[in-house]
1. Within segment 123-142, which residues are under 26 Å from residue 89 (Cβ atoms) and in contact (Cβ under 8 Å) with a residue 24 or more places away in the chain?
2. Only one of 19, 37 is surrounded by fewer than 15 Cβ atoms within 10 Å (Cβ to Cβ) and either in contact with a strand residue (DSSP E or B) (Cβ under 6 Å, 6 or more places away or on another chain) or over 17 Å from residue 144 (Cβ atoms) (or both). Can you tell me which?
3. Check whether at least one residue in segment 21-30 is at pLDDT below 95 and either under 17 Å from the mean Cα position of the chain (by Cα) or in a loop (DSSP other than H, G, I, E, B) (or both), and report yes or no.
4. From the residues in segment 179-191 that are touching a helix residue (DSSP H, G or I) at 6+ places or on another chain (Cβ under 8 Å) and assigned to a strand (DSSP E or B), which one is nearest to residue 43 (Cα to Cα)?
5. Could you grab me the full set of residues in segment 142-158 that are assigned to a strand (DSSP E or B) and surrounded by 15 or more Cβ atoms within 10 Å (Cβ to Cβ)?
6. What are the residue pairs meeting all of these: first residue in segment 47-72, first residue in contact (Cβ under 8 Å) with a residue 60 or more places away in the chain, second residue in a helix (DSSP H, G or I), Cβ atoms under 7 Å, and 6 or more apart or on different chains?
7. Condition check: touching a residue at least 24 places away in the same chain (Cβ under 8 Å) and farther than 20 Å from residue 1 by Cα. Does residue 81 satisfy that?
8. What are the residues in segment 159-169 that are buried (at least 19 other Cβ atoms within 10 Å of the Cβ) and in a strand (DSSP E or B), if any?
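The values are calculated or read from the model by the stated rules, or taken from the named source; none is laboratory data. What you see is a predicted model; the values in this text were computed from it and never measured. Heads up, the Cβs are rebuilt from the backbone with ideal geometry, glycines too, and the neighbour counts pull from every protein chain shown.
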């Protein structure tokens, strides 16, 4: 479980497709010294909960299965790309955002951006399968970042990004993002999946 408050970034060092399907992803992760992950730990990369399989200094390896590649943007990543990194919550940690599971519901296209005050308004195309879960002032995790839906319409929703989020994440550079809907909405409309 994660909070959706992204404190660290990482840089993709490799994403190698495997002949049997899936891929092996290696990310140089900020925060390794402070968080001290070990193989078997859950780490969210761009909001996708992955299991660390190998560590070499600040380089963390992950096995990414075909299902994860199919429903997320991880397959779009290339060497040198910046990614969001969030280590799993520990008992007693402060929850500053919303509970984020890292179980991405799908990927979506960013269809617009506009400056707004000191930040930015981002418009995202709503995947039809997720439309009933996206509500104005509801919660959504975008690349693992806990955000509030600022506005929604037919086939789209908008989020308002504050300067802190823009500084800590690569959201302002993305053309596609991972989405995780509000867990309460998911359970309230449980027959949708």
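1. Hits for segment 123-142 are 124, 130, 133, 134, 135, 138, 139, 140, 141, 142.
2. 19
3. yes
4. 179
5. Across segment 142-158, the qualifying residues are 142, 145, 146, 147, 149, 150, 152, 156, 157, 158.
6. What qualifies is 48/68; 48/74.
7. yes
8. Across segment 159-169, the qualifying residues are 159, 161.
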